[in-house]
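The values are calculated or read from the model by the stated rules, or taken from the named source; none is laboratory data. Since this is a predicted model, take the numbers as computed values, not measurements. Every residue, glycine as well, gets a Cβ built from its backbone with ideal geometry; the counts of neighbours run over all protein chains shown.
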Amino acid sequence: MFETLRNAWRSPDLRKKILYTLLMIIIFRLGSAITVPYLDSSAVGSWMTSNATDGNFLEYLNTMTGGALSKATIFCLSITPYINASIIIQLLTYALPPLERLQSEGEEGRKKLGKITAYVSLALSAFMSYAYYLTLKSQMHAVKYTEGFEGVFAAVVIVVSFMAGSSLVVWMGNRINDKGVGNGVSMILFAGIVARFPTDIGTLVRLTKDNPNPYLFVSIGVVIFFVGIIGFVVFMNESERKIAIQQAKRVVGNKQYAGQKTYIPIKICMSGVMPIIFAMSFMSLPSTIQLFKPLDPTVTSGFYYHFCKFFSTQSFSYAIIYFLLIIGFNYFYVSMQYNPIEIANNLRQSNSAIPGIRPGKPTSDYISRVLSKITLVGAVFLGIIAIIPIFTTMIDSNLASLSMGGTTILIVVSVALETVRSLDSQLMMRAPRRFLR
C-alpha cells in the first residue's frame, strides 16, 4: 500500500488528484466545526453526551458525521441523507419495473437514476433537518429564539443551513469522483470516521491515567483487538471463491483451438458494510421511540418497561437480534447483486460451462449453492464484527464510546483498500510497461 502511495505521489497527474481529494476533506472538516446560527452548541454537546451512548442510533449518526452532529454544525447531517437515498433507490430498483428498466439502459439510465437519487436525497435532508430542529428545540432546548417572527426566522435559517450543508457535502463527493481519487461518498465517510479516532484514543488514555491498575491492560487489549480486526477485515475483503469456467472448443478453418480455462471470482464479503447499516437502521427504532417517550426510572414493570429493556443496547437480546438481522440482510443484499439464473444463461450464450455441471438449471442450482455458503460465511463475519464491541460495552460501560469500533474499522479498511486499488489501476494505465516487465 505504501509503495502504491509513493508511486502515485511521483506521478504529476495523480499527485494533483490526491491533493484535490485532501483539499475537499479539509473543507469538509472545517465545515464540521462551524456551528449553525441561533443554536447553543454547549447545550447540544451536553445533551448528546448523555443520550448518544451505548452504541444507539444517535451515536451511530454522530460517528458517521465525525462528531459534527453533537456540535450542530452546518455539516451535521454529512453524507447520511445521500446514503439513505441511495439505499432506498437501490431497493426500489428491484421492486419497481420503471427503475429496473432505467438500470438496464446503460450509462444514460444510470445518469437518470443518479438524478432521482439526488432529488430523494434532498427530500430526505429536508425531513431530517426539520426533525433535528424539532429535537434541538424541544429536547435539547438549544434554539435561542422560539417565539414570534424571530423564532420562525431562526427555524428557517437552521433548517436551510442543515440542508445546504448536506447538499454541499454531496457536491464535494461528486467533485472527488470527477477530479480526485477514489469514491467521493466513501472518502467523505472515511474522513468523518477517522476524525473520531483521536476522541476514542483520548478516552483510553484518560481511563488509563485515572485508574491504571485495570485499564492499562484493557487499553493494551483494545489495541491488540483492533489490530487483529484490521488484519481479519483485510483477509476477508481479499478472500474470494473462484468458480472454474471452461470455454468450448473453437474451429477456425482447418484448425481446432482448445477452449480457455477461466473462473468467476465471488467475494466472500461482497456486500460490505451495507447489511450492518440496514440492521442498525432497523434496531434504532426502539431507541428513537425512547427519545420521544423516555422511560420513567421509577417504573419497573409493564409492557413499555420490558420493551425498552429487551431492545436495550446492553442486553443479550439486542445482540442476538442484531446478529440475526445482519445475516438476513446480507442474504437479501447478495440476492439483489447476484442472479444465478442470469449467470447461467450468460455462460450458455458464450458457449462456456462449469466443468462437471450441465448447462441450464443445474448450473444455476450449483451457483446458488455456492452463493448460499459464501453468503453465510460473510454474514457471520459481519455479525461478529458488529456484536463484539456490544459485549465489550456490557463488560465495562466506560468503553461504551468504542461500541462502534468494529463497524467503523470495517468501513475505514474497506475504503482504504478500494482507494489503493483505484490508484493501482490508474498507475497501470499511466505506466503499463513498468508493470508488465
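Screening the stretch 241-279 for residues that are modelled with pLDDT under 70 and either in contact with a helix residue (DSSP H, G or I) (Cβ under 7 Å, 6 or more places away or on another chain) or of a type in the set (S, T, N, Q) (or both) and picking the one that is nearest to Ser186 (Cα to Cα) gives Gln256. When Leu113, Leu23, Leu30 are checked against the criterion of being within 20 Å of Ile176 (Cα to Cα), surrounded by fewer than 20 Cβ atoms within 10 Å (Cβ to Cβ) and in contact (Cβ under 8 Å) with a residue 24 or more places away in the chain, a single residue qualifies: Leu113.
For (1) closer than 30 Å to Ser219 by Cβ; (2) of a type in the set (Asp, Glu); (3) out of contact with any strand residue (DSSP E or B) (no Cβ under 8 Å at 6 or more places or on another chain), each residue gets a yes or a no:
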residue	(1), (2), (3)
Glu107	no, yes, yes
Thr117	no, no, yes
Gly148	no, no, yes
Ala155	no, no, no
Met163	no, no, yes
Phe190	yes, no, yes
Thr199	yes, no, yes
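Please determine, by comparing only the residues of the stretch 307-332 that are assigned to a helix (DSSP H, G or I) and modelled with pLDDT under 80, which one is surrounded by the most Cβ atoms within 10 Å (Cβ to Cβ). Checking each candidate, the answer is Cys308. Evaluation of Ser125 against the conditions (1) outside any loop (DSSP other than H, G, I, E, B); (2) small (Gly, Ala, Ser); (3) under 17 Å from the mean Cα position of the chain (by Cα) shows that the sole unmet condition is (3).
Taken over the stretch 130-182, the criterion of being part of a helix (DSSP H, G or I), of a type outside the set (A, V, I, L, M) and closer than 21 Å to Ile27 by Cα is satisfied by Ser161, Phe162, Gly165, Ser166, Ser167, Trp171, Gly173, Asn174, Arg175, Asn177, Asp178, Lys179. Only one of (1) within 20 Å of Thr63 (Cβ to Cβ); (2) surrounded by fewer than 22 Cβ atoms within 10 Å (Cβ to Cβ) is not met by Leu189, so which one is it? With respect to (1) within 20 Å of Thr63 (Cβ to Cβ); (2) surrounded by fewer than 22 Cβ atoms within 10 Å (Cβ to Cβ), Leu189 is out only on (2). In the stretch 69-92, the qualifying residues are those that are surrounded by fewer than 24 Cβ atoms within 10 Å (Cβ to Cβ), aliphatic (A, V, I, L, M) and under 12 Å from the mean Cα position of the chain (by Cα), and the one that is nearest to Met187 (Cα to Cα) is Ile83.
Here is the figure for the stretch 280-298: residues that are among the aromatic types (Phe, Trp, Tyr) and modelled with pLDDT under 70 total 1. Could you please let me know if Ile229 is of a type in the set (Val, Ile, Thr), surrounded by 17 or more Cβ atoms within 10 Å (Cβ to Cβ) and over 30 Å from Phe28 (Cβ atoms)? So Ile229 fails the test.
Just one of the listed residues (Gly192, Gly182, Gly173, Gly231) is in contact with an Asp or Glu (Cβ under 9 Å, 6 or more places away or on another chain) and of a type outside the set (Asp, Glu), namely Gly182.
For the stretch 347-355, the criterion of being under 31 Å from the mean Cα position of the chain (by Cα) and buried (at least 21 other Cβ atoms within 10 Å of the Cβ) is met by none of the residues. Being touching a residue at least 40 places away in the same chain (Cβ under 8 Å), on the phi < 0 side of the Ramachandran plot and not polar (S, T, N, Q) is the requirement here; does Tyr305 meet it? Answer is no for this residue. Filtered by the rule that a residue be out of contact with any strand residue (DSSP E or B) (no Cβ under 6 Å at 6 or more places or on another chain), at pLDDT 75 or above and hydroxyl-bearing (Ser, Thr, Tyr), the stretch 59-79 gives Thr65, Ser70, Ser78.
Which residues, counting only those in the stretch 145-178, are over 26 Å from Val120 (Cα atoms) and surrounded by 13 or more Cβ atoms within 10 Å (Cβ to Cβ)? Listed by number, the residues that qualify are Tyr145, Thr146, Gly151. One residue alone among Val159, Val185, Val181, Val170 is touching a helix residue (DSSP H, G or I) at 6+ places or on another chain (Cβ under 6 Å) and either at pLDDT 90 or above or within 18 Å of Ser70 (Cα to Cα) (or both), and that residue is Val159. Is it true that Pro98 is modelled with pLDDT of 80 or more and farther than 30 Å from Tyr38 by Cβ? Criteria met by Pro98.
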